[in-house]
Amino acid sequence: MKTIPLGGGDLTAPNVVLGLMRIQQMSDDAVRELVGSARDAGIDFFDHADIYGDELHGCERRFAEAMQLTPAQRDEITLQTKAGIVKDGPYFDFSYEHIIESVEGSLRALETDRIDVLLLHRPDALVEPDEVARAFDELEASGKVLAFGVSNHTPRQIDLLKKSVKQTLVANQLQLSITHSPIIAEGVAANMQGLEQSITLDGGGIIDYCRLHDITIQAWSPFQAGFFTGVFLGSAEYPELNAAIDRLAAKYDVPAIAIATAWITRHPANMQVVLGTTTPERVAGAAQGSDVPLTRAEWYELFRTAGYRVP
């Protein structure tokens, strides 16, 4: 398992992490088996959010109840969680009060004294950066949060936060897969008239921005064809792509899911792949992609057969 410096700083993290948004209904044994398979594969970084689960903090609580981590075991892992989405309205809330309340709830649910990484979960159009800064300062000073980042943010939204927030923003969690990669595709097809792929949607190249500012991109839904529209692996809608994946899987002697992981980890931005599966075998298979050295030709072949234009 390859590791990266998260946000270019002192925290070292694996380039494949396990997201735990679907564990609410799993038994203690099933959660432990899932987490154990991740640990066996070299994954010691676990991604949560306050809204994951049937109720607020549900998956965080399920994780803590099942794992019953000792202090020493807690020190061996990195726990990341997210705040800012309010399911039943007002939908998004980056106020000082909400951020503090959410973190306190996560600490209780996770049965821990600190959150290693806190992300702001989807942009709040009504954000007041001074309130975010006030919350971050308090959480940092108390030792309740060690590092901060964002999720689904554009370059300008990050710049707006940085106007007030003094902490380094170490991560930006963005949807990315071979078939859902507009943040990459727009740069490949820059300045091509009449091609939808060339339209800049994120306010100025979020991948390049994150590389310039040492912000680690965390790719969520890495196997989804689109926005929760089903996986592309084995899908009849992507025959050419899957043929290429299967051929490369045979070449590198790994499962197909590892090639889908490797397409993301091959990118020089040092991205992390956030797995959402609850199947231990898929976790183990996907993790193998961390070390697959796709060539440039192979990377672009996957990109092209996914339906994107390579000029």
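Where a number appears in this text, it was derived from the coordinates with a stated rule and is not lab data. Remember, it's a predicted structure, so these values are computed and weren't measured experimentally. Virtual Cβ from ideal backbone geometry, glycine too; neighbours counted across all protein chains shown.
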### Summary
Between the alpha carbon centres of the stretch 23-75 and the stretch 149-169 the gap in Å comes to 28 Å
#### Entry: Counted charge near Gly143, where neighbours are those whose Cβ lies closer than 13 Å (Asp, Glu -1; Lys, Arg +1)
-3
### Spin-label pair Leu56/Glu138, simplified geometry with 7 Å Cα→Cβ offset, distance in nm
1.5 nm
### Query
If you build the Cα gyration tensor of the chain and take the root of 5 times each eigenvalue, what three semi-axes come out, in whole angstrom, biggest first?
31, 25, 17
### Task
Run the quick spin-label model on Phe227 and Arg247: label points 7 Å from Cα toward the beta carbon, then report their separation in nm to one decimal.
3.4 nm
### Diffusion coefficient, µm² s⁻¹, Stokes-Einstein with Kirkwood Rh over alpha-carbon pairs of the stretch 1-68 at 25 °C and 0.890 mPa s
193 µm²/s
### Query
Within the chain, what is the number of lysine pairs with alpha carbons under 30 Å apart, leaving out pairs fewer than eight places apart on the same chain?
16
### DSSP H segments from the chain that extend 27 Å or more along their own axis, Cα-based, with Kyte-Doolittle mean of 0.5 or above
none
### Task
Give the Debye-formula value of log10 I(q)/I(0) at each listed q (0.11, 0.13, 0.16, 0.19 Å⁻¹), with one equal scatterer per alpha carbon of the stretch 178-292, two decimals each.
-0.39, -0.55, -0.82, -1.10
### Summary
From DSSP H assignment alone, runs of 4+ in the chain each adding -39500 (n - 2.57), the sum over residues rounded to the nearest 500 puts [θ] at 222 nm at -11500 deg cm²/dmol
### Query
What FRET efficiency would be calculated for the residue pair Ala30, Asp75, taking the C-beta separation as r and a Förster radius of 41 Å, to the nearest 0.05?
0.95
### Task
Treat every Asp and Glu Cβ in the chain as -1 and every Lys and Arg Cβ as +1, leave all other atoms uncharged, and give the resulting dipole magnitude about the Cα centre to the nearest 20 debye.
880 debye
## Note on the structure
One would report the Cα pair-distance distribution of the stretch 223-288, bin width 5 Å, in %, as 4, 17, 25, 28, 22, 5, 0
### Query
Rg (Å, one decimal) plus Dmax (Å, integer) for the alpha carbons of the stretch 106-237?
17.1, 54
### Task
Mind ranking 168-176, 140-148, 182-190 by how tightly packed they are, going by the mean number of other C-beta atoms within 10 angstrom, highest first?
168-176, 182-190, 140-148
### the stretch 1-136, Cα convex hull volume normalised per residue, Å³
111 Å³
### Message
As a test, work out the antiparallel percent of DSSP beta bridges whose residues both lie in the stretch 27-144, rounded to the nearest 5.
### Response
20 percent
### Query
Which ³J(HN,Hα) values in Hz, rounded to whole numbers, follow from the phi angles of the stretch 165-176 under the Karplus curve 6.51 cos²θ - 1.76 cosθ + 1.60, where θ = phi - 60° and Gly and Pro get x?
7, 8, 6, 5, 8, 8, 8, 9, 8, 10, 5, 7
#### Entry: Residues Thr12 and Glu101, FRET efficiency given R0 of 25 Å [Cβ-Cβ distance, rounded to 0.05]
0.20
### Query
Amide H neighbours of Ser151 under 5 Å, counting only residues 5+ apart in sequence or on other chains, H built in-plane at 1.01 Å?
Leu120, Arg122, Gln173
